[in-house]
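Here the structure comes first, spelled out in structure tokens, and everything after it is commentary.
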Amino acid sequence: MFHWLEKNPFFFAVGVFVVIAFAGLIEILPNFAEASRPVVGLKPYTVLELAGKEVYKKDNCIACHSQLIRPFKSETDRYGQYSLSGEYAYDRPFLWGSKRTGPDLHRVGNYRTSDWHANHMWDPKSVVPQSIMPAYKHQFTNIADIDTAYAEALTVKKVFATPYDAPNGTKLGTLDEGRAAALAEAKVIAADMKNKDVEALVAKGEIPEVVAIIAYMNRLK
Amino acid sequence: MDIRAIQAYAWFALTIFAVVMLYGYIVHLYRSEKKGTRDYEKYGKLALDDEITSKPIEENPSHKPKNEE
Amino acid sequence: MQSNAALEYDYSVVKLFTYTTILFGILGMLVGTLIASQLAFPELNYLIGEYGTFSRLRPIHTDVVVYGFLLSGIWATFYYISQRVLKVSMAESKFIMTIAKIHFWLYFVGALLAVISLLLGYTTSKEYAEFEWPIDIVVVLIWVLWGVAMFALIGMRREKSLYISMWYYIACFLGVAMLYLFNNMEVPTYFASGGIGSIMHSVSMYSGTNDALVQWWFGHNAVAFIFTVGIIAQIYYFLPKESGQAIYSYKLSLLSFWGLMFVYLWAGSHHLLWSTVPDWMQTMGSVFSVVLILPSWGSAINMLLTMKGEWNQLTENPLIKLMVLASTFYMLSTIEGPIQAIKSVNAIAHFTDWIPGHVHDGVLGWVVFMTMAALFHMAPRIFKREIYSKKLIETQFWLQITAIVLYFTSMWIAGITQGMMWRAVDEYGNLMYSFIDTVDVLHPYYVIRALAGLMYFTGFVMFAYNMYKTITSSRVITEELTNKTPMAA
């Protein structure tokens, strides 16, 4: 019976496809609705945080940092409460990572300050002498792409019904409102960073990448 | 019945089905060779005798080479 | 219409893909060696400004090796093997020739664009699927072209039955197509938002845990359908051909094929053990990973038994040595993988260097060795010259074996050390080490690994040199070639 397949490539291909597609159908599809439900009180990312997430992706932080605290005592002691599925509901893509050359960052906002991050991104060894992380000095001069971040927020609002502009939620508004809100948020962080050059840039209305990524990391709690 | 239960039953039924199929297949392969209705191992020669001039083990009837037109 | 000249297999596309295999192999391994050294010596992060950090280069290493080097190798061997086992020449059809040529050139240009886009930081940050949507579209086109060429070639075959290698190529084509499409479902924000921001940017159709599931369903299997399926396709042809021994058991190859197809896809969720995906799915990932040993070993044992009674060839023919060693490493990594997928082992191993260690004993030992053996076997047949130097192959072999052993042993120790240190507690139940302690302790292992990388890379350069000399200045072959690949001492 089976021998027939090797002589009939079309049905052979169909057979292979059915067999390999089966796992996906059973394993992945049925859980979709359930796994995407946000935890209570979860707010969508602000435009500046999204711009920071873009920097996180652009410099590919997931190569060395995870965002997934596993349910072991050693991990909850080190990083805080273990991660819940609903906390990731607005993460497109997920940024769990697969390797911890550096520590987990899922709740880094709880125990690091803007000031600390600023020093660390400029020169990791200044705060952690044995660190092997590269310095990300270019983030202090590269300007974050706020418009693209706004476009992303608008896209997820339109296409995936992410609850922007809901009462007590994250406000998105028009593009100009989004830019203004990002700049206001950036000014607060720049002041915390205690870095004159960054403050000067933000005062000019330009937000360096480092401000955005700090906004994103402060949000990780 | 919720989706979880359906999933569980589907998975169980599928596993049983797959196991039966696999073992049935093994038995089928070895039995048909023993009875002499089939010789599977001759297809192993496909890799060794693979010049374009060598004779196919089984001609593909739908093959229409251009140079014979 | 055809001239009277005897019909011959046409290897022009095979040659093109052979060149890119070597080119991307050198590039990918060079970057790999660099980033391995960066972990040992962080100053190396600043060679080319923001484009030279470990994080930016890491996807370039993985993607160039997987989609540059390996896919080129798979396609070079595909266009070679499929003509021969189907007993049909590409020269018989202008259509196939054209498609295959477009396939190559689009691939080459696409690969270069992909590398540049990653360097510039256009990435979705999904491992092995980093390309942004415009590159994804090019990838889909390339894949479709391959499919057209493959099924067109199959359609005009003389031999009715498809040989084992062809099953695996078909599976590689279908598997990667399905996985890639579903994992890269994304919405370009420029269009969805009515023209705001960067045109390159997109958001994933899936969020959070769902995205993770789809990603690792892809990540595990796309890699598998290239690293495993695409390479098994080669060994099922080249080992029998080079040794002159028919495959030990055709029936066993049938069983392992269908077994592998069925089991492989279930195992993806073992990348997400202890995460927020549902428990039953994690368990299933674990269980199926262990079951996966059966079909994997089925193929590997079939290879080793093919050499039954012919083991003397191992000492006489370096290509046999490469291939036998490749299948041995295949066995090693397919037993190591399931061990890591056991939940309690995974609790220690996950996030540590044991994982790259596992990947590399698979790829360095199995995948690259097989690909090099395939290229060595094909070279005299497509370029009509004998292999330039047997001695060079021998030297390269021992250099690279040593490198692999250094690589995986250092990463095993590093991974397990770090995994244990993360969870070590003192008598009061407090954590014993800060995170940086566990980084500091790894320095010697990172140095060994960087050294191993350098050795392996050197071996690959020797391979490239040997190929170059073979193609350009080796003795021209006039006699008919049968099994053993001719090589100068």
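Values for this structure:
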{"read-out": "Virtual spin-label span in nm between C:Ser12 and A:Ala203, 7 Å along Cα→Cβ", "value": "6.7"}
{"read-out": "Furthest towards positive pole of dipole, C:Ile348, C:Leu454, C:Phe17, structure part chain C, Cβ charges", "value": "C:Phe17"}
{"read-out": "Karplus-derived HN-Hα couplings along the range C:201-214 (A = 6.51, B = -1.76, C = 1.60, θ = phi - 60°), whole Hz, x at Gly and Pro", "value": "7, 8, 10, 5, 5, 10, 10, x, 4, 4, 4, 4, 4, 5"}
{"read-out": "Residue-averaged beta-carbon neighbours from other chains (10 angstrom radius) around C:271-278", "value": "6"}
{"read-out": "Alpha-carbon spread of the range C:297-376, three principal axes, descending order, Å", "value": "44, 23, 16"}
{"read-out": "Sequence of C:Ile477, C:Ile416 from largest to smallest accessible area, 1.4 Å probe", "value": "C:Ile416, C:Ile477"}
{"read-out": "C:Glu50 accessible area, 1.4 Å probe, all protein chains in place, Å² to nearest 10", "value": "30"}
{"read-out": "Over the protein assembly as shown: helical MRE at 222 nm, DSSP H runs n ≥ 4 each giving -39500 (n - 2.57), nearest 500", "value": "-20000 deg cm²/dmol"}
{"read-out": "Surface accessible to a 1.4 Å probe, per residue, for the residues of chain B, Å²", "value": "71"}
{"read-out": "Electrostatic dipole magnitude of chain C [Cβ: Lys, Arg +1; Asp, Glu -1; Cα centre; debye, to 20]", "value": "1720"}
{"read-out": "Mean projected area (nm²) of the alpha-carbon convex hull when chain C is viewed from all directions", "value": "26.0"}
{"read-out": "Whole-number percent relative contact order across the range C:1-115, with pairs defined as alpha carbons under 8 Å at least 6 apart", "value": "40"}
{"read-out": "Positions from the range C:221-254 whose accessible area shrinks by 30 Å² or more when the full protein complex is built, not the chain alone, probe 1.4 Å", "value": "C:Lys241, C:Ala246, C:Tyr250, C:Lys251, C:Leu254"}
{"read-out": "Rough spin-label spacing in nm, given labels placed 7 Å along Cα→Cβ, for C:Val140 and C:Phe41", "value": "4.5"}
{"read-out": "Assigned charges on the beta-carbon of Lys, Arg, Asp, Glu; the range B:3-56 dipole about Cα centre (debye)", "value": "320"}
{"read-out": "A:Asp192 accessible area, 1.4 Å probe, all protein chains in place, Å² to nearest 10", "value": "80"}
{"read-out": "Estimated translational D of the range B:3-56 in µm²/s (Stokes, Kirkwood radius over Cα pairs; 20 °C; 1.002 mPa s)", "value": "148"}
{"read-out": "Charge dipole magnitude, Cβ of K and R +1, D and E -1 - the protein assembly as shown, Cα centre, debye nearest 20", "value": "1320"}
{"read-out": "Heavy-atom accessible area ranking, 1.4 Å probe, most first, across C:Cys172, A:Cys61", "value": "A:Cys61, C:Cys172"}
{"read-out": "Contact order relative to length of chain C, as percent, for alpha carbon pairs under 8 angstrom and 6 or more apart", "value": "15"}
{"read-out": "A/C buried area, accessible surface, summed, 1.4 Å probe, Å²", "value": "7700"}
{"read-out": "Ratio of Rg to Rh over the range C:8-161 (Cα coordinates, Kirkwood Rh, two decimals)", "value": "1.07"}
{"read-out": "Dipole-positive endmost among A:Ile132, A:His106, A:Ile20 within the range A:11-146 (Cβ charges, Cα centre)", "value": "A:Ile132"}
{"read-out": "Local electrostatic count at C:Tyr330 - Lys and Arg +1, Asp and Glu -1, tallied over other residues with Cβ under 12 Å", "value": "-2"}
{"read-out": "Per-residue mean of C-beta atoms belonging to partner chains within 10 Å, peptide C:169-178", "value": "3"}
{"read-out": "Cα centroid of the range C:379-435 to Cα centroid of the range C:42-83, whole Å", "value": "18"}
{"read-out": "Ratio Rg/Rh, restricted to the protein assembly as shown and using Cα atoms, in which Rh is the Kirkwood radius", "value": "0.98"}
{"read-out": "Whole-number percent relative contact order across the range A:48-201, with pairs defined as alpha carbons under 8 Å at least 6 apart", "value": "23"}
{"read-out": "Cross-link pairs beyond the 19 Å C-alpha cut-off, checked among A:Lys137/A:Lys221; B:Lys45/C:Lys251; C:Lys15/C:Lys384; C:Lys101/C:Lys484", "value": "A:Lys137/A:Lys221; C:Lys101/C:Lys484"}
{"read-out": "Shielding by partners, peptide A:50-58 (average Cβ within 10 angstrom, other chains)", "value": "3"}
{"read-out": "Accessible-area composition of the protein assembly as shown, carbon plus sulfur, in percent [1.4 Å probe]", "value": "67"}
{"read-out": "Long-range HN-HN contacts of C:Arg385 with modeled amide H, under 5 Å", "value": "C:Ile477"}
{"read-out": "Candidates B:Ile52, B:Ile16, B:Ile26, ranked by Gaussian network fluctuation over chain B, Cα under 10 Å, top entry", "value": "B:Ile52"}
{"read-out": "Unit charges at the beta carbon, dipole of chain C: most positive-side option, C:Thr417, C:Phe463, C:Tyr236", "value": "C:Tyr236"}
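The values are calculated or read from the model by the stated rules, or taken from the named source; none is laboratory data. The structure displayed is predicted, hence computed values, not measured ones. So basically every Cβ, Gly included, is an ideal-geometry build from the backbone, and we count neighbours across all protein chains shown. Protein only, heavy atoms only, side chains kept; ligands, DNA and RNA dropped before computing areas. Shrake-Rupley method; radii C 1.70, N 1.55, O 1.52, S 1.80 Å.
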